[in-house]
């Protein structure tokens, strides 16, 4: 259900929560293809011009790296209708980069990851495991839900309740009889006109 709701909203610019859901789905794709040491870096707002998140995972060989990248791309396309804006390194397979603008997925061979050490280069970023990331996302969505429910309980009245508060409720029998009266009167007038002619 969350996927359907998010898919409907994805035509506009994704919010931070929507981006987090996409990153979560990409991390799940990495896990399903046996990606190793998957990390999510939440970038510092100073770096947010680049992206909000980096997803980094390792593969043992180039075929696995390409398979992980394909799974990320395929899952995000299937479930959310989102395609990467740029894909680089797929042919060589030692470092595949999928750029989704709000987040970037890096799939490295283990040796390349150790060599480039992106986690060290982005010291201001907050590293998270997929499990920690999931827990934070659930907390954020739960807080948002509580806030929305709190607004309606504090006095914000929905359209239906406002409409029903302004009008007295009639029983269904009264409504049916009232609806039938004009039809009967109209039928009598029509009959009288045809009789006169």
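How many nm separate the modelled label positions at residue 50 and residue 88, each set 7 Å beyond the Cα in the direction of the Cβ?
Label at residue 50, label at residue 88, 1.2 nm between them.
Relative contact order (percent) for the range 2-152, with alpha-carbon contacts under 8 angstrom and 6 or more residues of separation?
Values: 227 pairs, mean separation 39.9, N = 151.
Answer for the range 2-152 is 26 percent.
Regarding the range 2-152, what is the average projected area of its C-alpha convex hull, in nm²?
On the way: hull surface 36.8 nm².
Orientation-averaged projected area of the Cα hull: 9.2 nm².
What's the extension gain from residue 77 to residue 36 if we count 0.36 nm per residue and subtract their Cα-Cα distance?
Numbers: separation 41, 0.36 × 41 = 14.76 nm, distance 2.28 nm.
Roughly 12.5 nm would be gained on extension.
Computed from the coordinates by the stated procedures, all read-outs in this text should not be read as laboratory data. This structure is a prediction, so every number in the text was calculated from the model and none was measured. Every residue, glycine among them, receives a Cβ derived from its backbone with ideal geometry; neighbour counts consider all protein chains shown.
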